[in-house]
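Engineer: Quick one: the structure is below, questions incoming.
The values are calculated or read from the model by the stated rules, or taken from the named source; none is laboratory data. Source: prediction; values computed, not measured. For neighbour counting, all protein chains shown are included, and Cβ atoms are generated from backbone atoms with ideal geometry for every residue, glycine included.
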Amino acid sequence: MLNDGARAHFEKYWRRSREMYVLGDFALAVFLAITLIEEIGKIVILEAAMNGDVEAQKEFRNHREKYITAVGATLAINSRVTRVYGKDEMRFAEWFRNGKLFAIRNSALYLELQGTNLVVPDQAINRADALLLVCIAGEVYAEIQGKQTGTGPAEWQRILSEVDQFRTQG
């Protein structure tokens, strides 16, 4: 179960990703959203890692494993995400399956060289991708409420309500 500081950390990333989107900083919104997904992966791995599971300790520091753990534990059989996002869910699923979340996260934060062109994060991330990734991060965040976070249904409902409000205003 998370302590108050850890819960505040997750809440900060969730809040800041939405704020950055509203301010038009889509790259930073994406960076925070994907980092939130990654941090959620840690929660799922946490108990085994703390109990000395060597494999879990490795996964705790592996970006791809944290994405796999977070998404697998929260979205694999989530009918709400399928119903609400439709084809956009497939776009996210493709990024996830192809291991592109880490590359997108990096493009959202770092300058990239494409051929002889220097691409800044604001050029690499568009509004539609940012909206989808912030919403998916919220969906993943909502799904971990309960035993792992020490919260309950009220927090789950609050976060999903915030996702829905953000998505319709985005």
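Engineer: Quick one: which residue in Phe10, Phe60, Phe26 is surrounded by 17 or more Cβ atoms within 10 Å (Cβ to Cβ), closer than 17 Å to Asp129 by Cβ, touching a residue at least 12 places away in the same chain (Cβ under 8 Å) and not β-branched (Val, Ile, Thr)?
Structural biologist: Phe26
Engineer: Arg15 fails exactly one of the following numbered conditions: (1) modelled with pLDDT of 95 or more; (2) in a loop (DSSP other than H, G, I, E, B). What is the number of that condition?
Structural biologist: (2)
Engineer: Identify the residue in segment 33-57 that is in contact (Cβ under 8 Å) with a residue 12 or more places away in the chain and among the β-branched types (Val, Ile, Thr) and, among all such residues, is nearest to Trp95 (Cα to Cα).
Structural biologist: Ile34
Engineer: Scan segment 47-57 for residues that are buried (at least 16 other Cβ atoms within 10 Å of the Cβ) and either touching a Phe, Trp or Tyr at 6+ places or on another chain (Cβ under 8 Å) or modelled with pLDDT of 85 or more (or both) and jot them down.
Structural biologist: Residues of segment 47-57 that are buried (at least 16 other Cβ atoms within 10 Å of the Cβ), as a first pass: 49, 56.
Answer for segment 47-57, where residues must be buried (at least 16 other Cβ atoms within 10 Å of the Cβ) and either touching a Phe, Trp or Tyr at 6+ places or on another chain (Cβ under 8 Å) or modelled with pLDDT of 85 or more (or both): just Ala49.
Engineer: I've got another one for you. Scan segment 59-76 and tell me whether some residue there is among the hydrophobic types (A, V, I, L, M, F, W, C) and touching a strand residue (DSSP E or B) at 6+ places or on another chain (Cβ under 8 Å).
Structural biologist: Looking for residues that are among the hydrophobic types (A, V, I, L, M, F, W, C) and touching a strand residue (DSSP E or B) at 6+ places or on another chain (Cβ under 8 Å), one finds none in segment 59-76, hence no.
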